[in-house]
Amino acid sequence: MAAAEAAEVAGPLMRRYEGAARGRGVAEAGWRVCLAHRFEEPRQPYGAADVPLRDVLRHIGLALRYFRWWYKKTHLEKKPAFIDLLCAVPLQQIYGCPLGGIGGGTITRGWQGEFCRWQLNPGIYHYETVIANQFTVCLRCKGQTIYQQVLSVERPSTLQGWNWGYCGQYAFYHALYPRAWMVYDLPGQNVVLTCRQVSPVIPHDYKDSSLPVGVFIWEVENGRDEDVDVSIMFSMQNGTGTKEDGNGGHWNEPFTFEKEGEQVAGVLLHHCTHVNPFTLAISAREKTGTEVTHLTAFNPAGSGREVWQDLLQDGRLDSPTGKSSPTEKGEMTAAAVCASCRVPAQGHRTLELALAWDMPRVYFGSKEKLHLRRYTRFFGSGGDAASALSHHALTHYEEWEKKIEAWQKPILENSQLPSWYKSALFNELYFVTDGGTIWVELPPDCCAEDLQGPAGAGLSHLLPVLREYGRFAYLEGQEYRMYNTYDVHFYASFALVMLWPKLQISLQYDIAVTVVNEDVQPRQYLVCGQTAQVKLKNVVPHDIGDPGDEPWQRVNAYLMHDTADWKDLNLKFVLQVYRDYYLTHDLLYLQDMWPVCQAVMESELKFDTDNDGLIENGGFADQTYDAWVVNGPSAYCGGLWLAAVCMMCKMAEVLGDTEIQQKYMDILSKGKEAFERLLWNGKYYNYDSSGSDTSSSIMSDQCAGQWFLGACGLDKGEFEVFPKSHVVSALKTIFEKNVMSFAGGTMGAVNGMRPDGVPDTSSVQSDEVWIGVVYALAATMIQEGLVEEGFHTAEGCYRTVWEQLGMAFQTPEAYREKKVYRSLAYMRPLSIWSMQLALERRAGQAPAPLQPPQVPIHP
Ligand SMILES: CC(C)CCC[C@@H](C)[C@H]1CC[C@H]2[C@@H]3CC=C4C[C@@H](O[C@@H]5O[C@H](CO)[C@@H](O)[C@H](O)[C@H]5O)CC[C@]4(C)[C@H]3CC[C@]12C
């Protein structure tokens with residue numbers, strides 16, 4: 001196949017690839033991009049200039065209050081704002097697969113190989129390419145170095161003694177999370193390098209999936225007719241690229257670690273900060289025919305000539321013994337490890353390197369409570385585990401890969417599934433680790449009362465669950481820094497419950513605890529300007545807190561609205577409880593959650609002011625679309641309500657609570673009638689029933705209730721809440737209007753469309769596309785038999801985000817048809833896993849098996 005043809009076949013981002021090599025063992029499906037690619041469309045974060053004058057006037061009070069709050073927070077208290085609307089993270093179209101398991105911090109590499117996004121302090125990101133962090137190749141023939149090259153397309157101003165500027169046309173990147181490949185067809189050398197990057201992200205695994213490690217397996221293919229000595233040098237700066245790297249006191253030391261006949265060697269980089277100190281470890285596996293050498297310390301801000309010459313001389317590093325002295329203030333240090341082997345003519349060899357980081361004991365921003373990360377139960381919390389972690393990673397990655405392959409294979413091999421979907425499904429999963437994720441142990445002395453607060457939640461299995469599986473939290477988005485934002489988690493939770501169900505259960509227990517508790521602290525809410533307490537009893541919180549403060553301890557970091565009056569949060573709890581029970585068969589969980597479900601439904605009932613069995617929205621943006629006003633009964637919240645009422649009936653039936661069952665059956669029959677009478681217009685459900693100019697807008701998310709019902713098999717017979725014909729008609733209308741009449745049908749579904757085919761611009765969110773909502777909509781379509789429509793709808797979002805806008809591994813919450821996007825690296829798109837559930841259900845696998853491992857079957 002000609003290079004150009006092959007490039008076309010390989011995908012739209014491979015046009016510039018001029019190499020012939022396809023690499024070794026590279027997955028077929030996934031996201032592939034040539035290192036010389038440039039994303040042409042320059043999008044901007046949604047900013048003040050994008051707000052129409054009408055909205056500026058409408059939100060002027062909010063804008064002023066927000067600005068006052070922001071100034072106090074960032075300038076007087078000198079703390080980061082949980083949402084910084086005035087200082088959005090600039091778009092960099094550079095990201096690739098993050099390294100690391102769940103909740104131990106993440107280090108993201110870009111698709112050009114750079115180490116560029118850091119989250120070691122829980123939930124706190126900084127976006128800095130650390131230039132010293134590189135892989136360098138040295139080729140030697142007959143005792144002479146013939147080629148030495150940093151495998152980077154960069155030409156930086158530091159380390160000028162190194163040979164930079166690898167020709168991007170001769171390399172490509174391929175991501176299929178949690179693995180990624182980089183293929184370098186070394187120009188003129190007849191040698192191909194394939195670096196496979198593996199992180200321990202393994203469904204149903206609650207041990208190795210928590211480890212803060214990544215492995216780089218370098219496959220070296222020698223196409224020459226002579227042997228080549230190949231060295232791969234891995235260099236790393238002591239730190240994460242912040243100014244702390246130059247604070248002084250950091251030091252490095254070489255190490256070897258031997259266990260069960262396996263030895264790894266490398267360098268530990270001790271990063272000695274006051275808060276959350278950590279150790280990085282770069283290492284390689286020693287085995288017959290592979291030599292591992294190192295350089296303990298070099299200056300990453302200098303020319304780097306001594307490192308370069310050291311390697312150039314003999315393809316090895318000097319390997320001095322002993323520690324480096326601690327850095328002085330203003331000084332930085334770096335280290336390198338090098339693995340070398342001889343690759344026979346026309347032969348192949350493998351070099352295995354690893355990166356581990358050990359930050360076992362962490363404080364959040366408030367520094368009030370010490371938290372131990374999940375992996376400390378396996379590797380200790382002494383801060384001396386980096387070498388053992390490296391050894392474990394280098395001796396277990398093959399096992400991890402087998403498990404990852406067994407999980408992914410049935411999906412990848414299913415020829416009925418489009419290639420883009422396979423990429424989207426696995427690659428969007430990056431957010432489970434790179435969502436500012438934290439997974440911590442419960443303190444050993446923690447008792448049920450400490451957790452449940454003075455009210456006492458009566459959750460009999462709270463303690464055993466949290467003791468066994470720890471506490472898990474991930475951000476709403478890297479830019480929206482709130483943990484477990486619940487109205488959004490509702491969408492994303494499919495990924496968790498399908499792949500790590502115990503984490504979903506643990507998260508739900510945490511939410512249940514907060515439901516029965518209150519926080520009477522008064523504060524001003526920024527949208528309405530009124531003062532109310534932070535958290536009311538018997539309602540679900542918006543979020544579990546800000547990593548800049550003390551999550552779990554102080555919930556509801558969100559202060560835009562008083563979410564005690566939101567209509568969706570309580571319902572989303574009930575819907576998830578039943579969905580989780582349906583998928584996990586965990587009866588103890590259901591029993592524990594049942595009183596909590598009753599409590600939140602009681603709170604919710606007060607929103608049915610006219611007692612017609614249907615709740616009313618309050619005339620403000622009182623749900624997840626928090627800048628889109630809803631008034632009176634609405635398709636979104638009304639639909640969620642009926643679905644939750646239906647699930648209350650079902651749960652009561654399972655638990656034999658006939659009184660409650662009857663109560664909710666009565667509400668359901670009244671509510672169904674009201675919903676159809678007030679909202680059904682013959683083609684779809686109206687946005688709301690207020691009779692406003694935009695009441696008849698077509699909301700892409702109007703079938704959210706049906707989405708959950710269908711996912712739980714509660715959409716037939718006695719449990720049919722919404723008439724099938726109405727659901728199908730609504731979905732077809734959405735497809736025709738919100739999808740096909742928007743951006744030529746190529747960008748997913750706009751949130752709100754007027755019946756005449758013009759996007760609803762009545763709010764700043766109604767003419768946005770929310771990627772996570774689109775994936776959920778696609779799942780609903782698949783559930784209802786509109787399979788092609790579902791795939792077409794979702795494909796628009798995938799192609800827009802991953803291929804057009806260069807937003808790989810930072811899928812935002814929203815984009816508009818033109819110019820802007822909002823909130824990079826967002827939680828909601830994990831809802832794509834509900835498409836997978838829908839496909840599995842269609843194939844007859846429902847519900848998921850009781851015990852892991854759950855291997856999905858062909859749809
Ligand atoms: C006078 C100024 C120049 C302009 C004033 C206009 C602005 C005040 C508003 C224009 C856009 C508004 C923001 C839009 C989105 C927001 C997100 C929200 O947080 C989370 O959003 C999710 C929805 O995307 C939601 O599901 C989650 O639960 C929320 O945690 C917070 C509000 C806001 C930032 C909103 C604020 C006002 C504008 C900036």
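Every number in this text was worked out from the coordinates using simple rules, so none of it is lab data. Only a predicted model underlies this, so the values are computations on that prediction, with no experimental measurement involved. Ideal geometry is used to build each Cβ from the backbone, glycine not excepted, and the neighbour counts take in all protein chains shown.
Could you work out the equivalent-ellipsoid semi-axes for segment 418-562, taking the square root of 5 times each eigenvalue of the Cα gyration tensor, largest first, in whole Å?
In descending order the semi-axes read 26, 21, 12 Å.
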Among 363-376, 437-450, 50-63, the order from most to least packed when residues are scored by Cβ within 10 Å on average: 363-376, 437-450, 50-63
Over segment 454-498: Rg over Rh, Cα atoms, Kirkwood Rh: 1.06
Peptide ranges 468-476, 744-752 listed from the most packed, as the mean C-beta count within 10 angstrom indicates: 468-476, 744-752
Order by protection proxy (mean Cβ within 10 Å, highest first), peptides 635-644, 288-297, 385-394, 420-429: 635-644, 385-394, 420-429, 288-297
Descending principal axes extents, segment 344-431, alpha-carbon based, whole Å: 52, 40, 19
Interchain or long-range residues, amide H under 5 Å from residue 298's placed H: 334, 335
Farthest positive-ward along the chain dipole, Cα basis, beta-carbon charges - from 59, 499, 609: 59
Sequence-separation-based contact order of segment 543-645, relative, with Cα cut under 8 Å and 6+ spacing, percent: 25
Label zone at residue 348 (point 7 Å along Cα-to-Cβ), backbone N below 11 Å, segment 170-194: 194
Farthest positive-ward along the chain dipole, Cα basis, beta-carbon charges - from 47, 643, 297: 297
Derived scalar couplings ³J(HN,Hα) [segment 412-428; Karplus, 6.51 cos²θ - 1.76 cosθ + 1.60; whole Hz; x for Gly, Pro]: 5, 8, 7, 6, 7, 8, x, 4, 4, 5, 5, 5, 4, 4, 7, 6, 5
Top positive-direction residue, dipole computed over segment 334-439 with Cβ charges, set 383, 348, 404: 383
Nearest-ten-degree value, helix 60-71 long axis tilted from longest Cα axis of the chain: 40
Estimated dipole of the chain in Debye, rounded to 20 [Cβ of Lys and Arg +1, of Asp and Glu -1, Cα centre]: 1040
Global geometry of the chain, whether rounded, prolate or oblate, following the gyration tensor of its Cα atoms and the 1.5 cut on a/c: prolate
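Quick check: residue separation of residue 732 and residue 68 times 0.36 nm, minus the Cα distance between them. What number comes out in nm?
Using 0.36 nm per residue and subtracting the Cα-Cα distance, I get 234.5 nm.
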³J(HN,Hα) computed for each position of segment 482-499 - Karplus, 6.51 cos²θ - 1.76 cosθ + 1.60, integer Hz, glycine/proline x: 10, 7, 6, 3, 7, 5, 8, 4, 2, 6, 6, 4, 4, 4, 5, 5, 7, 10
Longest to shortest principal axis, alpha-carbon extents of segment 540-673, angstrom: 44, 35, 21
Simple spin-label estimate for residue 243 and residue 50 in nanometres, 7 Å along Cα-Cβ: 3.0
Reciprocal mean inverse distance between Cα atoms of segment 647-796 - Kirkwood radius, Å: 16.1
Cα long-axis angle, helix 305-314 against the chain (0 to 90 degrees, to the nearest 10): 60
Residues with amide H under 5 Å from that of residue 252, placed H, sequence gap 5 or more: 270, 324
Violating pairs (Cα-Cα greater than 20 angstrom) within the set 732/818; 650/683; 243/369; 402/422: 732/818; 650/683; 243/369
Charged-residue dipole, Cβ positions (Lys, Arg, Asp, Glu), segment 106-174 about Cα centre, Debye nearest 20: 240
Within segment 287-343, trypsin sites (Lys or Arg not before Pro) in DSSP loop having at most 15 other beta-carbon neighbours inside 10 Å: 323, 329
Cα-based shape type of segment 662-718, given that a ≥ b ≥ c are square roots of the gyration tensor eigenvalues and the cut on a/c is 1.5: oblate
Degrees, to the nearest 10: 587-605 long Cα axis against longest axis of the chain: 50
Segment 309-462: proportion of alpha-carbon pairs further apart than 27 angstrom, %: 56
Efficiency of FRET from Cβ geometry, residue 155 and residue 654, R₀ 60 Å, rounded to 0.05: 0.40
3J(HN,Hα) from dihedral phi, segment 610-619, Karplus parametrisation 6.51/-1.76/1.60, rounded to Hz, x for glycine, proline: 9, 6, 9, x, 10, 6, 10, 7, x, x
